[in-house]
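Here the structure is laid out as structure tokens; the discussion comes afterwards.
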Amino acid sequence: MSQKKNKSQPPQVALDPPEGAAPAPAPANGDGEGDAEAKKKEMEELPPFEIVEGSRIPASSFKFQFKNVEYSSGRNKTLLCYTIDRENQIYRGYLEDEHVSAHAEEAFFTKVLPQFLASGKINVTCYVSSSPCVSCAAAIAQCLKRSKAPKLRFIMARLFQWEESEIRGALRALRTAGAQLSMMNGADYAQVWQNFVEPDVTFNEEGNMEEQGTEQGIFIPWEDLEENARYYEEKLNEILR
């Protein structure tokens, strides 16, 4: 599975972002030493990491990042979709890693969720494209230990490096802290599709915007979705025993 890198400072999250905020563009690739130097300089000028926050994920990004394959080649970022139920008011949004060193999970639990903790009991559901790394799991556990207000469900598309003993211990510690952990199944994917996904947008030859079809708003599962979900659920149950 793809690697998540450690952070060097707390991620910055906009507290009131515009709806449907788009990810920051990636730096262009080039050939030759001159392009390599330019790319290095450009990367140095970028912030060390950034969290993109919005309300809707492009359909193509959702299908790629949340696909529950065993070997997640190329999926080197984490998407986190959250629902917060506070006094029968529902708040939704998503966070996405950028520049690969950001961690959406820690950003949510240290920058977004604390805004809701002072108002009493809340129900929090997080759908994530991959289970948390050790440091993110620790940050989530600390949040749950500091405050008994949130009741947390953490629903994951894939397990990140689940063979590693540190990861397995981090997941058990997260469950001990009070989080309900499970893997995404077909019903979960349909729920996320309905509440967090938007049609992909392209432009025709005249420059006019066109929406790509989304199968009339219905999530169409890939062939082995449920089989992969059962596989991951078995591995998660083994870890949490």
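Restricting attention to the range 168-190, report how many residues are in contact (Cβ under 8 Å) with a residue 60 or more places away in the chain and over 17 Å from residue 136 (Cα atoms). Give the derivation first.
As a first pass, look at the range 168-190 and keep what is in contact (Cβ under 8 Å) with a residue 60 or more places away in the chain: 168, 171-172, 175, 183-184, 188-189.
From the residues that got through so far, the ones that are over 17 Å from residue 136 (Cα atoms) too are 183-184, 188-189.
Here the count works out to 4.
Would you mind telling me which numbered condition in (1) in a helix (DSSP H, G or I); (2) among the acidic types (Asp, Glu); (3) within 17 Å of residue 233 (Cα to Cα) residue 163 fails?
Of the numbered conditions (1) in a helix (DSSP H, G or I); (2) among the acidic types (Asp, Glu); (3) within 17 Å of residue 233 (Cα to Cα), the odd one out for residue 163 is (1).
For the structure I just gave you, tell me whether residue 105 is at pLDDT 90 or above and under 18 Å from residue 139 (Cβ atoms).
Yes, satisfied.
So which residues in the range 106-131 are within 19 Å of residue 155 (Cβ to Cβ) and surrounded by fewer than 16 Cβ atoms within 10 Å (Cβ to Cβ)?
123
Conditions first: (1) closer than 30 Å to residue 148 by Cα; (2) of a type outside the set (D, E, K, R); (3) at pLDDT below 90. Residue 73 passes all but one, so which condition is the exception?
Single failed check for residue 73: (1).
Can you tell me which residue in the range 47-70 is modelled with the highest pLDDT, limited to those that are acidic (Asp, Glu) and open to solvent by 30 Å² or more (accessible area, probe 1.4 Å)?
Among those residues, the one meeting the criterion is 70.
I'm trying to understand the selection: among the residues of the range 139-167, which are polar (S, T, N, Q) and in contact (Cβ under 8 Å) with a residue 40 or more places away in the chain?
Passing the criteria: only 161.
Need pairs with beta-carbon distance below 9 Å; first residue closer than 14 Å to residue 168 by Cα and within the range 223-236, second open to solvent by less than 80 Å² (accessible area, probe 1.4 Å) and assigned to a helix (DSSP H, G or I); sequence gap 6+ or separate chains.
236/171
I'm checking my understanding of the structure. Among residues of the range 174-187 that are open to solvent by 50 Å² or more (accessible area, probe 1.4 Å) and part of a helix (DSSP H, G or I), which one is nearest to residue 145 (Cα to Cα)?
Residue satisfying both the conditions and the ranking: 176.
The values are calculated or read from the model by the stated rules, or taken from the named source; none is laboratory data. These numbers come from a predicted model, not from an experiment. Here the Cβ is made from the backbone with ideal geometry for all residues, glycine too, and neighbour counts use every protein chain on show. Each accessible area value is taken on the protein alone, full model and side chains, heavy atoms only, with ligands, DNA and RNA left out. Shrake-Rupley method; radii C 1.70, N 1.55, O 1.52, S 1.80 Å.
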